[in-house]
Every structure is written in structure tokens, then in C-alpha cells.
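First comes the structure, then the notes that go with it.
All of the numbers you see were taken from the coordinates with simple rules; none came from a lab. Computed from a prediction, not measured in an experiment: that's the story for all the values here. Positions of Cβ are generated from backbone atoms using ideal geometry, with glycine treated the same way; all protein chains shown enter the neighbour counts.
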DNA sequence: GGATGAACAGACAGGTCTGTCTGTCTTAGA
DNA sequence: TCTAAGACAGACAGACCTGTCTGTTCATCC
């Protein structure tokens, strides 16, 4: 039904059920807070199966983040593809964020939270870094496409905006955060394209 | 020497040593990661003394955050007092942030990290909320002083900027983050004062 | 039909965590 | 000098966490 699991039509594979449970619990409650036992209970999977499939809790966490990252990549690229103009493409990413943040279960950026919890030398931190680097590169590319005078600067500004809004939406439960970020993004893009040096090209 | 501790001149009180150790360890490594044993070891204090003085780990965490909040309040107000113009006052807060973020032990915003780790109904979360509300109110007040067309909007924008830069400086170890935030803040302030409605007053 | 392998349940080991408790020592003040 | 309080060391209880292991069930495939 989903990927393989030849005959049993109803149930997903143990691996997918584990990743599903990990996604819900790690994301909503944090990585350190949630123990293995709660994950296997929700997934309906034996503990031995988890360790056969993933080897350790850390590797399960890494897989959970990897999957989140791939889903987010797909979501962002799909949004971008809806528009032609780079300015609209950038703003559409903030629209997508607004939709995600409106979900009552929204708990901030999974990568930011994981990065804050992880030890600096862990494989988890490496996965977080990878995802954040991809996002920065995407915003920077769009900034260049939009004709920003300094694409790297605008890229950093947009990512910061994204991070800040995500934090406010989560910690402060601020429903305006996404809208404010979109407004600010438009302002920054226009300012960067007009150029700090007065003369538009 | 510091506050009381009548006769022993060298050593600070057990309470202060505990708060000092908590400040270093909780801030650098996270609240969940650091156990009571490591704190009392670094503080050179008996476990019984900790529980006599604070009653629980949660209360120790709360006190640690409360102290951080008060120190930050003082630091921000002192910075503001150095300037007359609201615009300069706002930018001076980003200068102060740049100095803090340049410290190699900088580990992001203590309140953001604690807020991400804490349960939503805990006293820790309440302390975080208090601190964040104070900061937002401060930025909003300065935005109004600066003559922003929409002070609440500019306040939210500046706080988001602050949060985003803090995250980037910590997770990405990005040394440019503070400078970028300052640049962006100047741009946002000017845009807000000029007004989106074309006519400056 | 028998073999293979994935998934199951659940006990167990070894470690860590918070919080309690006992008892000792030192110092300040009556 | 006696007392009371603060601080000390460290054992202990009880919970929880990760990871291992044993043995069972069941579907698939040769």
C-alpha cells in the first residue's frame, strides 16, 4: 500500500510505523523527553525490531530528521514551482510557512529544536547542519534570481526572518508571526533589489 | 565579600555558588542534559544544601533563568541609556548582542532554549514567557519612540530579527549573524519611520 | 512441507536521574 | 559555654532509560 509490505494490506511496515511515531513524539515533545518505550508503544512495534532496524536511538532520530528534511525540501520546491517571478517564489515560501504554523500542533522548527538539544559532535547535529545549509542556499539562490545587490546578505536575512518567525510562532504562540515575516520579507527583497546604492539598474 | 557570608571572606554563599554553576552548565549544555550531581560538584555544595535552598531542580532552573533575565534587563537598559535618539537606542541593542554573540561560549538565547525544552505548563515556561514579553515590550516602546507608523509591527520585526540572529549565531556558528541583524534593523526602522504610506511627517 | 526471516512479547542488565535521609562539623550569637 | 543553624559527605530509594537477549508466531518461498 505504501511502499512494499507484500501481503498485509492494512498495516505499514514496522520501519514506517516507527518513523511515524518518532515524527509525532520527537517533534511535539522533544528528543530527550521521549523515550524508546513510548515510541515502540505508539508504533505497535517490538523493541527488538527497533534495534534490528535502526541500531540505536540516535540513528532513529537521525532518520526522523532526514525524512523531515526531505519532506520539507519537496514542499518548498513545489511551492516555488507555482510561480515564475523570484520575488513571488520567495514570498510563497513564507505562505507555506504560514500554513504550517497555523497547525495547532506546530512546534517550531524541528531542526532548530534538535540542534539545540544535540551535542555538537553528534550525527544529529550534522544532519541539522545539512538541512539548514540547504535552506540557506535555496534562499540565497532565490535572492540572486531576484536581482539582489548582495544575494548572500539577503539570503541570510530571509533565513533569519524564517527562524525568528518560527520561534515566535512556537514559543510565544504568536499567530501574527508568519504574516509579519511575509511582510518583512517583501520589504527586504524590494530594498535589496532597489539596492542600497540609490540607483536601480 | 559579595553579599553576606559574614566571616569566611573567600567563598561565596552556597546559594550563589549553585546559581553560578547552574548558569554555566545549564546555559552551555542544556537543562535536561545537566544533572543535579554535576551542578553540586562544580559548585562544591552538598546535595542536601541544594534541596534545602531550592527545593527542586525545577526551582533551581527557574532561579537561574530569573537571574539571567535580570542581568539582561540591566544590560539592555544600560545600553539604551548611552544614547538619546530612539534609532540609536535600538541599534545599540544589536551592538550589545554582537558583543555577547562574539563570546566563544555563546550558546544562543537562554530563554529560547529553555522554552524549547520546557513543558508548556511548567513554571520554567512561565518565566521564559515573562522575559520574552518584557523584551517585546521594550522593542515596541522604542519603536514608538522612533516614530514608527506601526510600532507593534516594528517591535515584532525587531524581536524576530533578534531571535533569528541568535539562532544563526549559535546553531550555524555564523559570525556574521549579529552584523547582518544590525544592518537589517536599521533598514526596518528607517522603512517604518518613513512609513509605508509614502508621506513622511 | 519444511526452511527462512521478519516481527512479536517481555524479562533483564546496567546505568543515570531526582530527591530523601542520616549524621557530622563549624560558626554565630545568647 | 551552650545552642541553633547552616553546610558538609555520602548512602539510599525508586523511577526511568537504553540496549540486549530469549523464545514464539506467522507468512512466504523453495
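Quickly estimate the mean residue ellipticity at 222 nm for chain B, helices only: each DSSP H run with n ≥ 4 gives -39500 (n - 2.57), and the total goes over all residues, rounded to 500.
-23500 deg cm²/dmol
What's the whole-number percent of alpha carbon pairs in segment A:130-201 lying beyond 16 angstrom? Walk me through the numbers on the way to the answer.
Values: 1280 of 2556 pairs.
Considering segment A:130-201, 50 percent of its Cα-Cα pairs are separated by more than 16 Å.
Compute a Gaussian network model of chain B, connecting alpha carbons closer than 10 Å, and tell me which residue from B:140, B:127, B:33 fluctuates the most.
Top of the fluctuation ranking is B:33.
Shortest first and in nm to one decimal, what separations exist between residue A:147 and its copies in the other chains, measuring from label points 7 Å along the Cα-to-beta-carbon line?
In ascending order, 3.2 nm.
How high is the relative contact order of chain B? Use alpha-carbon pairs under 8 Å, at least six apart in sequence, and give a whole percent. Mind showing how you got there, number by number?
Values: 198 pairs, mean separation 35.7, N = 201.
With pairs under 8 Å counted, the relative contact order is 18 percent.
Rounded, prolate or oblate: which fits the protein assembly as shown when a ≥ b ≥ c are the square roots of the eigenvalues of the alpha-carbon gyration tensor, with rounded for a/c under 1.5 and prolate only if a/b beats b/c?
Values: a/c = 2.21, a/b = 1.03, b/c = 2.14.
Oblate, since a/c reaches 1.5 and b/c is not below a/b.
Say a label goes 7 Å from Cα toward Cβ at residue A:48 in every copy; what distances in nm does this one have to the rest, shortest first?
Residue A:48 label point versus its equivalents elsewhere: 4.8 nm.
With a ≥ b ≥ c taken as the square roots of the eigenvalues of the C-alpha gyration tensor of segment A:65-104, please select rounded if a/c is under 1.5 and otherwise prolate if a/b is larger than b/c or oblate if it is not? Don't skip to the answer; put the middle values down first.
Details: a/c = 3.09, a/b = 1.37, b/c = 2.25.
Oblate is the answer for segment A:65-104, as a/c is 1.5 or above yet b/c matches or exceeds a/b.
Going from the alpha-carbon gyration tensor of segment B:1-154, what semi-axes, largest first and in whole Å, does one get by taking the root of 5 times each eigenvalue?
Equivalent-ellipsoid dimensions as semi-axes: 33, 19, 14 Å.
Order of A:181-190, B:115-124 by packing, highest average Cβ count within 10 Å first?
Values: A:181-190: 20.4, B:115-124: 17.6.
Ranking, from highest mean packing down: A:181-190, B:115-124.
Just A:71, A:25, A:138 to compare: in a GNM of chain A, with alpha carbon springs under 10 Å, which one fluctuates most?
Highest fluctuation of the listed residues: A:71.
Can you classify segment B:121-172 as rounded, prolate or oblate using the Cα gyration tensor, where a ≥ b ≥ c are the square roots of its eigenvalues, rounded means a/c under 1.5, and otherwise it's prolate if a/b beats b/c and oblate if not? Show your work: numbers first, answer last.
Working: a/c = 3.30, a/b = 1.36, b/c = 2.43.
In terms of gyration-tensor shape, oblate.
For an R0 of 56 angstrom, estimate the FRET efficiency from the Cβ-Cβ distance between residue B:13 and residue A:83 and round to the nearest 0.05. Before the final figure, lay out each step's value.
Values: r = 62 Å, r/R0 = 1.11.
Approximately 0.35, to the nearest 0.05.
Sort A:156-163, A:16-23 by packing, meaning the average of other beta carbons within 10 Å per residue, with the highest value first. Write out the running numbers ahead of the final one.
Values: A:156-163: 26.6, A:16-23: 20.1.
Highest to lowest by the protection proxy: A:156-163, A:16-23.
Place the label 7 angstrom along Cα→C-beta at residue B:78 and in each other copy, then list the distances from the first to the rest in nm, shortest first.
From this label point to the equivalent ones elsewhere in the assembly: 5.2 nm.
Taking the Cα-to-Cβ direction at residue B:130 and at residue A:73 and moving 7 Å from each Cα, how far apart do the two end points lie in nm?
Label-label distance for residue B:130 and residue A:73, simple model: 4.5 nm.
Determine, for each peptide in B:77-84, A:147-154, A:167-174, the mean count of other beta carbons within 10 angstrom over its residues, then list the peptides with the highest first.
A:167-174, A:147-154, B:77-84
Once the convex hull of the alpha carbons of segment A:77-201 is built, what does its volume come to per residue, in cubic angstrom?
107 Å³
Once you've got the GNM for chain A with C-alpha springs shorter than 10 Å, pick whichever of A:13, A:107, A:166 has the biggest mean-square fluctuation.
Checking each option, the largest mean-square fluctuation is seen for A:13.
Other chains near A:54-66: what is the mean number of their Cβ atoms within 10 Å of each residue's Cβ? Don't skip to the end; give the middle numbers.
Working: counts 0, 0, 0, 0, 0, 0, 0, 0, 0, 0, 0, 0, 0.
Average neighbour count from other chains, rounded to a whole number: 0.
Please average, across the residues of B:153-160, the number of beta carbons from any other chain that are within 10 Å of each residue's own beta carbon, and give a whole number.
Values: counts 5, 2, 1, 12, 8, 1, 7, 15.
Across B:153-160, the average partner-chain Cβ count within 10 Å equals 6.
Work out how far the C-alpha atoms of segment A:93-157 reach from end to end along every principal axis, then list the three figures in whole Å, largest first.
Principal-axis extents of segment A:93-157 (Cα, largest first): 37, 33, 13 Å.
If you count, for every residue in A:109-115, the Cβ atoms of partner chains within 10 Å of its Cβ, what is the mean?
Mean number of neighbouring Cβ atoms from other chains: 3.
Would you tell me which residue of chain B has the beta carbon closest to the rotation axis bringing chain B onto chain A, and how many whole Å away it is?
Smallest Cβ distance to the axis, with its residue: B:164, 2.
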